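J.: Mind having a look at this structure? Questions to follow.
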Amino acid sequence: MFDFEILSEDKKAREACMIVDDKEVKTPLFMPVATRGVVKTLIAEDLDRLEVQAIISNMYHLLLKPGIGTIEDAGGLHRFMNWDGLLFTDSGGFQMIRSDFENKVNSNGVTFNTDRDDTTYEITPELCIKMQRRIGSDVAMCLDYCPPYPSDRGEIEKSVIRTRDWAKRCKEEGDDISIFGISQGGTIPELREESCKDIADLGFQGNAIGGLSIGEPTDEMYKNVEISTKVFPEEAPRYFMGLGSPIDILECVDRGVDLFDSAYPTRNARHRTLFTRNGKIRIDRRKFKKENGPLDEECECPTCKNYTRAYIHHLCKAEEMSWMRLASIHNIKFMMDLMEDGRKAIREKRFVEFKEEFKRKYKNC
Ligand SMILES: [Zn+2]
């Protein structure tokens, strides 16, 4: 069962309720990334406490380790990682094509070898959906073909055709589960538009924007997001894959995007960068050595309620690994608060004011 009901709108931004089987979430929504079946340094109980509604794992990484059969035998990925919330899985097409492994892409799918066990994997669109079904994903993503940035027009044209053909095959394979299609088209407006139309025509439960936020200039990204949200139907969720910077997210909500995921908040945390309402801070800087206040005065996460900047600074300096966990808890909660505040602003028809106020404070560091 899949349902998407728009609750309120403020120009293009919308607040909606998305129901997948027995799981209900509110959008705009940010999903932390659990690539290998874990949000790095955290456990499922932490995610509950931080009011995370949905996460996204990666079929390709799980296939390599521990293997789809292992997860299936454990009762599916929900049970394996003790996660009751909504679970998206990415097909891993992006990683397969960019991995260090020797790989071959043709119209039938992706073939690659790993040094580790000398196995040859052949991932077709059908197999990709079958494997996501086997691990118990609530929402599966299509296998797409994302060319690197920059690529020439010919390469992008090829990716649009291949992505459309693969999406069709994914749809035929997975009529019994919820699947989101993924568009490509690089930053060439007419190809982006064509790819979005291709995907929208297939009638997936949701439509994703792929192949952006991979190194193109920000204004190009926004332009192609606008093309995408114009083409994608209003009545289905729109998902920008791999976008995690708070300001970029608010700009894309303003352009009609509903869902986001990225390793950006947790990766930043592990690299000692914390998000605050007054901008990003590097907690290993000397000036935090004696600051006995929380990371962010307005944050109510377990880290901010119980620990000081000075303590986290000390853990960093002493290379005590718990700082990664404390920092990740905070950055994830920051993203959850940002989305909740965004939803409230949409309801109150003041989203643009909220966005501009957030940007003003966040950039002021
Ligand atoms: Zn906090």
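The values are calculated or read from the model by the stated rules, or taken from the named source; none is laboratory data. Bear in mind the structure is a predicted one, so any value in this text is a computation, not a measurement. FYI the Cβ positions are ideal-geometry reconstructions off the backbone, even for glycines, and counts take in every protein chain you see. These accessible areas exclude ligands, DNA and RNA; they are computed on the full protein's heavy atoms, side chains included. Shrake-Rupley method; radii C 1.70, N 1.55, O 1.52, S 1.80 Å.
J.: Hey, got the Cα dimensions of the chain along the principal axes, in Å, largest first?
T.: Computed over the Cα atoms, the extents are 59, 50, 42 Å.
J.: Take every DSSP beta bridge with both residues inside the chain and express the antiparallel ones as a percent of the total, to the nearest 5.
T.: So the antiparallel bridges amount to about 50 percent of the total.
J.: Relative to the longest principal axis of the C-alpha atoms of the chain, give the angle of the C-alpha long axis of helix 189-201, reported between 0 and 90° and rounded to the nearest 10°.
T.: With both axes taken from Cα atoms, the answer is about 70 degrees.
J.: Can you tell me the Rg and the Dmax, both Å, for the Cα atoms in segment 192-343?
T.: Rg then Dmax for segment 192-343, in Å: 18.4, 58.
J.: Summing -39500 (n - 2.57) over the DSSP H runs of n ≥ 4 in the chain and dividing by its residue number, what mean residue ellipticity at 222 nm do you reach, to the nearest 500 deg cm²/dmol?
T.: On the way: 15 runs with 155 residues, N = 365.
Result for the chain, helices only: -12500 deg cm²/dmol.
J.: Let me ask another. Which whole-number percentage describes the relative contact order of the chain, with Cα contacts under 8 Å and a sequence gap of 6 or more? The partial results should precede the final answer.
T.: Working: 711 pairs, mean separation 61.2, N = 365.
The normalised contact order for the chain reaches 17 percent.
J.: Still on this structure: Tell me which of ALA140, PRO294, HIS271 sits at the most positive position along the dipole axis of the chain, charges placed on C-beta atoms (Lys, Arg +1; Asp, Glu -1).
T.: PRO294
J.: Rounded to the nearest 0.05, what FRET efficiency do LYS317 and VAL38 have when you use their Cβ-Cβ distance and R0 = 25 Å?
T.: Numbers: r = 26 Å, r/R0 = 1.05.
Between LYS317 and VAL38 the formula returns 0.45.
J.: Report the FRET efficiency, 1/(1 + (r/R0)^6), for LEU202 and LYS363, where r is their Cβ-Cβ distance and R0 is 45 Å, rounded to 0.05.
T.: So the FRET efficiency works out to roughly 0.70.
J.: Here's a follow-up. At 0.36 nm per residue, minus the direct Cα-Cα distance, what do ASN82 and SER99 gain on full extension? Give it in nm, one decimal, please. Walk me through the numbers before you get to the answer.
T.: Working: separation 17, 0.36 × 17 = 6.12 nm, distance 2.86 nm.
Going from the current span to full extension adds 3.3 nm.
J.: Here is a follow-up. At a Förster distance of 25 Å, what's the computed FRET efficiency of GLU155 paired with ASP219, Cβ-Cβ distance as r, to 0.05?
T.: 0.65
J.: So, one more: Tell me which GluC sites (Glu not before Pro) from segment 227-282 have a DSSP coil assignment and no more than 10 other beta carbons within 10 Å of their own. Numbers along the way, then the final one.
T.: Values: sites: GLU234, GLU235, GLU251; in loops: GLU234, GLU235.
Listed in order of number, the matching sites are GLU235.
J.: Starting from one equal scatterer on each C-alpha and no solvent at all, send me the Debye-based log10 I(q)/I(0) for segment 94-169 at q = 0.22 Å⁻¹, two decimals.
T.: -1.09
J.: With label points built 7 Å along Cα→Cβ from the Cα atoms of GLU190 and THR70, find their separation and express it in nm.
T.: 4.9 nm
J.: Compute the acute angle (0 to 90°) between the alpha-carbon long axis of helix 218-231 and the principal axis of greatest extent of the alpha-carbon atoms of the chain; round to the nearest 10°.
T.: Relative to the chain, helix 218-231 is tipped by roughly 50 degrees.
J.: Straight-line reach from LYS168: which aspartates and glutamates have Cα under 13 Å away, leaving out those fewer than 8 places along the same chain?
T.: Straight-line reach from LYS168, under 13 Å: GLU126, ASP144, ASP198, ASP201.
J.: How high is the relative contact order of segment 16-149, in percent, counting Cα pairs under 8 Å that sit 6 or more residues apart?
T.: Numbers: 207 pairs, mean separation 30.5, N = 134.
Relative CO of segment 16-149 lands at 23 percent.
J.: So, one more: As a test, work out the antiparallel percent of DSSP beta bridges whose residues both lie in segment 1-141, rounded to the nearest 5.
T.: For segment 1-141, the DSSP antiparallel bridge percentage is about 70.
J.: Continuing with the same structure: Find how many whole Å separate the alpha carbon centroid of segment 252-291 from the alpha carbon centroid of segment 69-83.
T.: 31 Å
J.: OK, next. Among PHE2, ALA167, PHE240, whose Cα projects farthest towards the positive end of the dipole of segment 2-262, with charges put on the beta-carbon of Lys, Arg (+1) and Asp, Glu (-1)?
T.: ALA167
J.: Using amide H atoms built in the peptide plane, which far-off residues or other-chain residues are under 5 Å from LEU86 H to H?
T.: Placed amide hydrogens put ILE55 under 5 Å from LEU86.
J.: Nearest 10 degrees, 0 to 90: what angle lies between the long axis of helix 125-134 and the longest principal axis of the chain (Cα atoms)?
T.: The answer is roughly 50 degrees.
J.: Another question about this same structure. Could you work out the relative contact order of segment 263-365, using alpha carbon pairs under 8 angstrom and six or more residues apart, expressed as a whole percent?
T.: Values: 122 pairs, mean separation 34.6, N = 103.
Relative CO of segment 263-365 lands at 34 percent.
J.: For GLU300, what accessible area in Å² do you get when you roll a 1.4 Å probe over the heavy atoms of the protein chains, rounding to the nearest 10?
T.: Answer for GLU300: close to 130 Å² accessible.
J.: Could you sort out which of LYS23/LYS65; LYS65/LYS355; LYS171/LYS223; LYS26/LYS359 sit more than 30 Å apart by Cα distance in this structure?
T.: LYS65/LYS355
J.: Can you tell me which aspartates and glutamates have their Cα less than 15 Å from the Cα of LYS317? Leave out same-chain residues fewer than eight positions away.
T.: ASP284, GLU291
J.: Oh, and also: Quick check on packing: order 168-178, 135-145, 265-275 by the mean number of other C-beta atoms within 10 Å, highest mean leading.
T.: Descending packing order for the listed peptides: 135-145, 265-275, 168-178.
J.: Moving to a separate point now. At 0.692 mPa s and 37 °C, plugging the Kirkwood radius over alpha-carbon pairs of segment 262-365 into Stokes-Einstein gives what diffusion coefficient in µm²/s?
T.: 232 µm²/s
J.: Something else about it: Can you run phi through the Karplus equation (6.51, -1.76, 1.60; θ = phi - 60°) for segment 238-255 and list ³J(HN,Hα) in whole Hz, with x for Gly and Pro?
T.: In residue order, the calculated couplings are 10, 10, 9, 7, x, 10, x, 6, x, 5, 4, 4, 4, 4, 7, 4, 4, 9 Hz.
J.: Could you please state, rounded to a whole Å, how far the C-alpha centre of segment 12-59 is from the C-alpha centre of segment 89-131?
T.: 26 Å
J.: Quick one: Kirkwood hydrodynamic radius for segment 86-234, alpha-carbon pairs, angstrom, one decimal?
T.: That comes to 15.6 Å for segment 86-234.
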